[in-house]
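One structure below.
Each value in this text was obtained by applying a stated rule to the coordinates, not by laboratory testing. Remember, predicted model here, so these are calculated numbers, not experimental data. Cβ: placed from backbone, ideal geometry, glycine included. Neighbour counts: every protein chain shown.
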Amino acid sequence: MNQNQLNDICLRQLSLSAVHEGETVAVLSRGNERPDYADAFMYAAQRLGAATYHLRLPDAPTASGAWAVGDSGLADNPLAVDALKQADMLVDLAFLLFSKEQFAIQDAGTRILTCVEPAPLLARLMPTEELRERVEVGEEILAKASTMRITSPAGTDVTYRLGVYPTMSEYGYTDKPGRWDHWPAAFVFTGGADDGVDGRIVLSPGDVLLPFNTYVQTPVTLTVEQGFITDIRGGLDADLLSSYIASFDDPRGYGMSHVGWGLDERAQWHGLTQFPGGMGMELRSFYGNVMFSIGPNNELGGPNDTPCHFDIPMRGCSLYLDDEQIVVDGDIAVPDMRPRARR
Ligand SMILES: [Fe+2]
């Protein structure tokens, strides 16, 4: 994708995000990462009449190479955080997710869009208002539920007690003050009560382990009791999962994090094979996936801020909210959440 094409999709993005004259759009990047994205977003902001600037942080804060979430590199940089709080919108090319600084910037009323995926994927999964509507239907249904049960032919049967944490949506753009989103994305999620997740989850071949960015090859059986994983059994995939979580030496790494389902019929389950350099947003979004997560729930306002985090989109599951079928065998059962052609 050349710079003109990138400029064009960023202009469409910031238009959806309602950037307008009189606003200021800040762009945040790190090291040598994504200078072309920064230029494209600044071009787009100016085209829409907004003021804009680019704040560039030094290289990655951690040398470990592990995907430890929550370390933004802004913790010792209050002046930079203050500058970002002043903006109406922040385009985050540095991945602040789960950091205290991101929450502080949102609390100041700045809306935030994270954008770190490969440009061809941004173009292919360009957000739409129609997709947003369907995601918001899901958000509304999920927000009313008091229990979620997930089952699968492989033997998953797990129940989340809901109602403690808010429901969140991601549809790939953001036009409300203080709201965060991620381009591309199309899913809804909430979290179970801290001690309110119980049952068994059986990962099947083809389910996705993020941030390993791999497909499960052999079944993995997870036992969940009172909100924590107490046993992980299976072959190599189970060993890798166990070994990774254990390496954080943090019992909260076994906590149950967000849970929900994906709604973008354009997103491909095999997306990791096409975009091996990405972070798997296509896999979080593909239509009818049920995604559960392990680790922190501070994103939802919970107490667990462990840096150990897994997102695990699963195929072919069924999901019930208070016994109402929402996802059936990997297909969306609620007409208003389905694409119009599939209703
Ligand atoms: Fe996650």
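Things worth noting here:
- Computed from phi, the 3J(HN,Hα) profile of segment 311-328 under the Karplus parametrisation 6.51, -1.76, 1.60 (θ = phi - 60°) reads 10, 10, x, 10, 9, x, 8, 10, 9, 10, 10, 6, 6, 8, 6, 10, 10, 10 Hz, with x in place of Gly and Pro.
- In segment 3-116, Cα pairs under 8 Å separated by at least six residues give a relative contact order of 27 percent.
- Each Cα pair under 8 Å and six or more residues apart adds its sequence gap; the mean of these over the residue count of the chain is a relative contact order of 14 percent.
- 25 °C / 0.890 mPa s Stokes-Einstein diffusion coefficient of segment 3-116, Kirkwood radius on C-alpha pairs, µm²/s: 173 µm²/s
- Charges were assigned to the Cβ only: +1 to each Lys and Arg, -1 to each Asp and Glu. The resulting dipole of the chain about its Cα centre is roughly 600 debye.
- If the segment from Asp59 to Ala18 were pulled out straight at 0.36 nm per residue, it would be longer than the present Cα-Cα gap by 11.7 nm.
- Placing dummy labels 7 Å off each Cα toward the beta-carbon, the span from Ser247 to Arg343 is 4.7 nm.
- Listed peptides 334-343, 277-286, 223-232 appear in the order 277-286, 223-232, 334-343 once ranked by packing, highest mean of other Cβ atoms within 10 Å at the front.
- Shape class for segment 126-342, computed from the alpha carbon gyration tensor (a ≥ b ≥ c): rounded, with a/c under 1.5.
- Simple rule: put +1 on each Lys or Arg Cβ and -1 on each Asp or Glu Cβ in the chain, find the dipole, and look at Ala193, Trp269, Met314; the Cα lying farthest toward the positive end is Trp269.
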